[in-house]
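Student: Pasting a structure here, questions to come.
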Amino acid sequence: MKKTIELKIGRNRFRLPLPAAADVLNIREPEKTVSAAGFAADMDGLLASQPPGGCRVAVVVADKTRLCAYNRYLPVLLDRLGAHGAKPADTTVYIAYGTHPAQSDAESRHAYGEVFSRCRFVQHDCTDASLFTDLGRTSRGTPVRLRRDILEADRLITVGAVSHHYFAGFGGGRKLIFPGLGYRADIYHNHGLFLDRQQRTLAPGCRPGRLDGNPLAEDLAEIEAHRPADIAVHGILNSQGVVCRLMAGRGVPHFRQACQCHGRNCETGTAGGYDTVVASCGGHPKDINFIQAHKALHHAAAFVNDHGTLILFARCRDGIGSETFLPWFDMGGWDAAFDHLSSAYRGNGGTALAMMEKARRIRILLVTDLPPEVCRTMGADKSDARSAAHRVARCRGSLAVIPNASLLVRR
């Protein structure tokens, strides 16, 4: 008996018929316990132990690719800050782009709601050296340059969703400050720890869900120690991108608790891999461009047997999402790209190497708006939804479907 499943692609959905033997791999949906009143009470408790009003407040948020119900909960946060004496003129919201391109005002209004029109927002520029104060280097040699205005703030508050990150272990939390508000050269140095230069491989410790023994994550922890958030608000999301819980607290143990909570929902163990995996990134904005979609591709590929096939539904309305990604595929292959990246990490070189590694191991078919020649450049093939459905119908080996591969991680 056949069954069907609905897969998101961009803002649309596609109903895919499945053989009866197909496995459907989902996250464990978190219970929705968050409310505006509960969040306000949590903030009141934390703010009561902070310095009194009349101080400068810096609030750091993620960009449009990592939303956390900002339009609903930022007004609550700002209201409670005001109740504890923080004047609107002394509160600044920073958009933590890292090396991502800046959003338009229209995109920002959509992401943050009416707060964007009544608050001072700063769109971070990772290329402006004049913004930063030099605080030295980490034990792995990463320069620690943090924004001067962040260091001068009396209260530093981060608000963002916790997520798995394919080489930093987890995203959100401390990553909002760095690399979110970092200097580009320093971000590239930290990202360069993704490379094991001695073994000429991607560093095995750099994988989703791992903080200890992950050189890149441990480097981020050293940077965080220079200016940790006074209050960190960690969002726990379900597969629909709905915030189910807001964990407000401070310190490394609190961040790790949030990561464990997300991991319990989104990590799964399987006895073996599959010959064919069909996956969706989870729809917009998780597949807004290929750089974002690659995170889901990376997660889904871990479920595919060697020489198997991955079919990924990823709209990529905005194209690749980076001008520095595709040139790595024109350098003559893995070894040449690895050598170039080892000598000077830049752009999305690590993502390009990760894509090359997967394309050498498995076949990748993309149901996407990307042109066929771009897919071929990356070592993948372009498909369409109907062709993908025909391939699934003819599948004779083991088959799994992942409706939200941006969230599901194989342990």
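The values are calculated or read from the model by the stated rules, or taken from the named source; none is laboratory data. Note that the structure is a prediction, hence the values are computed from the model and not measured. FYI the Cβ positions are ideal-geometry reconstructions off the backbone, even for glycines, and counts take in every protein chain you see. Side chains included, ligands, DNA and RNA excluded: accessible areas come from the protein's heavy atoms. Shrake-Rupley method; radii C 1.70, N 1.55, O 1.52, S 1.80 Å.
Student: In the set Leu135, Leu77, which member is among the hydrophobic types (A, V, I, L, M, F, W, C) and not in a strand (DSSP E or B)? Can you show your working first?
Tutor: Working: Leu135 fails: not in a strand (DSSP E or B).
Selected residue: Leu77, the only one of Leu135, Leu77 that is among the hydrophobic types (A, V, I, L, M, F, W, C) and not in a strand (DSSP E or B).
Student: Out of the range 301-341, which residues are among the β-branched types (Val, Ile, Thr) and part of a loop (DSSP other than H, G, I, E, B)?
Tutor: Looking only at the range 301-341, we keep the residues that are among the β-branched types (Val, Ile, Thr), and these are 304, 309, 311, 320, 324.
The answer is Ile320, Thr324.
Student: Turning to a different aspect of this structure: In the set Gly241, Gly273, Gly319, Gly249, which member is small (Gly, Ala, Ser) and under 18 Å from Lys358 (Cβ atoms)?
Tutor: Details: Gly241 fails: under 18 Å from Lys358 (Cβ atoms); Gly319 fails: under 18 Å from Lys358 (Cβ atoms); Gly249 fails: under 18 Å from Lys358 (Cβ atoms).
After ruling out the rest, the residue left standing is Gly273.
Student: Here are some conditions: (1) more than 16 Å from His234 (Cβ to Cβ); (2) outside any loop (DSSP other than H, G, I, E, B). Lys64 meets all but one. Which one does it not meet?
Tutor: (2)
Student: Now for a separate question. Could you tell me how many of the residues in the range 1-53 are more than 30 Å from Leu77 (Cα to Cα) and either in a strand (DSSP E or B) or in contact (Cβ under 8 Å) with a residue 60 or more places away in the chain (or both)?
Tutor: Residues of the range 1-53 that are more than 30 Å from Leu77 (Cα to Cα), as a first pass: 1-10, 12-26.
Among the residues that remain, those that are also either in a strand (DSSP E or B) or in contact (Cβ under 8 Å) with a residue 60 or more places away in the chain (or both) are: 3-10, 12-19, 21-26.
Qualifying residue count for the region: 22.
Student: Can you find even one residue in the range 372-386 that is among the charged types (D, E, K, R) and in contact (Cβ under 8 Å) with a residue 24 or more places away in the chain? Step through it out loud before you land on a result.
Tutor: Going through the range 372-386, the residues among the charged types (D, E, K, R) turn out to be 373, 376, 381-382, 384, 386.
Retained after the next criterion (residues that are in contact (Cβ under 8 Å) with a residue 24 or more places away in the chain): none.
Looking for residues that are among the charged types (D, E, K, R) and in contact (Cβ under 8 Å) with a residue 24 or more places away in the chain, one finds none in the range 372-386, hence no.
Student: Next question, about the same structure. Looking at the range 281-300, which of the residues that are of a type in the set (D, E, K, R) and either in a helix (DSSP H, G or I) or touching a Phe, Trp or Tyr at 6+ places or on another chain (Cβ under 9 Å) (or both) is surrounded by the fewest Cβ atoms within 10 Å (Cβ to Cβ)? Show your work before the answer.
Tutor: Looking only at the range 281-300, we keep the residues that are of a type in the set (D, E, K, R), and these are 286-287, 295.
Adding the requirement that they be either in a helix (DSSP H, G or I) or touching a Phe, Trp or Tyr at 6+ places or on another chain (Cβ under 9 Å) (or both) leaves 287, 295.
Numbers: Asp287: 31, Lys295: 24.
Across the range 281-300, the extreme among qualifying residues is Lys295.
Student: Kindly check whether there is at least one residue in the range 103-123 that is of a type outside the set (Ser, Thr, Tyr), open to solvent by less than 10 Å² (accessible area, probe 1.4 Å) and within 25 Å of Lys295 (Cα to Cα). Give the derivation first.
Tutor: The initial filter retains those residues of the range 103-123 that are of a type outside the set (Ser, Thr, Tyr), namely 103, 105-107, 109-111, 113-116, 118-123.
Filter again for open to solvent by less than 10 Å² (accessible area, probe 1.4 Å), leaving 111, 115.
Next, only the ones that are within 25 Å of Lys295 (Cα to Cα) stay: 111.
Yes: the range 103-123 contains one or more residues that are of a type outside the set (Ser, Thr, Tyr), open to solvent by less than 10 Å² (accessible area, probe 1.4 Å) and within 25 Å of Lys295 (Cα to Cα).
Student: Additional query: Looking at the range 155-169, which of its residues are out of contact with any strand residue (DSSP E or B) (no Cβ under 7 Å at 6 or more places or on another chain) and in a loop (DSSP other than H, G, I, E, B)?
Tutor: Narrowing the range 155-169 to residues out of contact with any strand residue (DSSP E or B) (no Cβ under 7 Å at 6 or more places or on another chain): 166-169.
Tyr166, Phe167, Ala168 - these are the residues of the range 155-169 that are out of contact with any strand residue (DSSP E or B) (no Cβ under 7 Å at 6 or more places or on another chain) and in a loop (DSSP other than H, G, I, E, B).
Student: So, Thr99, is that one surrounded by 12 or more Cβ atoms within 10 Å (Cβ to Cβ), in a strand (DSSP E or B) and out of contact with any His (no Cβ under 7 Å at 6 or more places or on another chain) or not?
Tutor: Details: surrounded by 12 or more Cβ atoms within 10 Å (Cβ to Cβ): yes; in a strand (DSSP E or B): no; out of contact with any His (no Cβ under 7 Å at 6 or more places or on another chain): yes.
Spelling it out, it is not the case that Thr99 is surrounded by 12 or more Cβ atoms within 10 Å (Cβ to Cβ), in a strand (DSSP E or B) and out of contact with any His (no Cβ under 7 Å at 6 or more places or on another chain).
Student: Would the range 197-214 turn up any residue that is buried (at least 20 other Cβ atoms within 10 Å of the Cβ) and outside any loop (DSSP other than H, G, I, E, B)?
Tutor: No, the range 197-214 contains no residue that is buried (at least 20 other Cβ atoms within 10 Å of the Cβ) and outside any loop (DSSP other than H, G, I, E, B).
Student: Ok, one more. Filter the range 388-411 down to residues that are open to solvent by less than 10 Å² (accessible area, probe 1.4 Å) and in a loop (DSSP other than H, G, I, E, B) and give me whichever is farthest from Cys259 (Cα to Cα).
Tutor: Ala405
Student: Right, another one. Only one residue in Asp335, Asp369, Asp318 is over 19 Å from Asp287 (Cα atoms), open to solvent by 20 Å² or more (accessible area, probe 1.4 Å) and out of contact with any strand residue (DSSP E or B) (no Cβ under 7 Å at 6 or more places or on another chain). Which one? I'd like the intermediate steps shown before the answer.
Tutor: Values: Asp369 fails: over 19 Å from Asp287 (Cα atoms); Asp318 fails: over 19 Å from Asp287 (Cα atoms).
Only one candidate qualifies: Asp335.
Student: Let me ask you something else. Any residue at all in the range 217-238 that's open to solvent by 20 Å² or more (accessible area, probe 1.4 Å) and assigned to a strand (DSSP E or B)?
Tutor: yes
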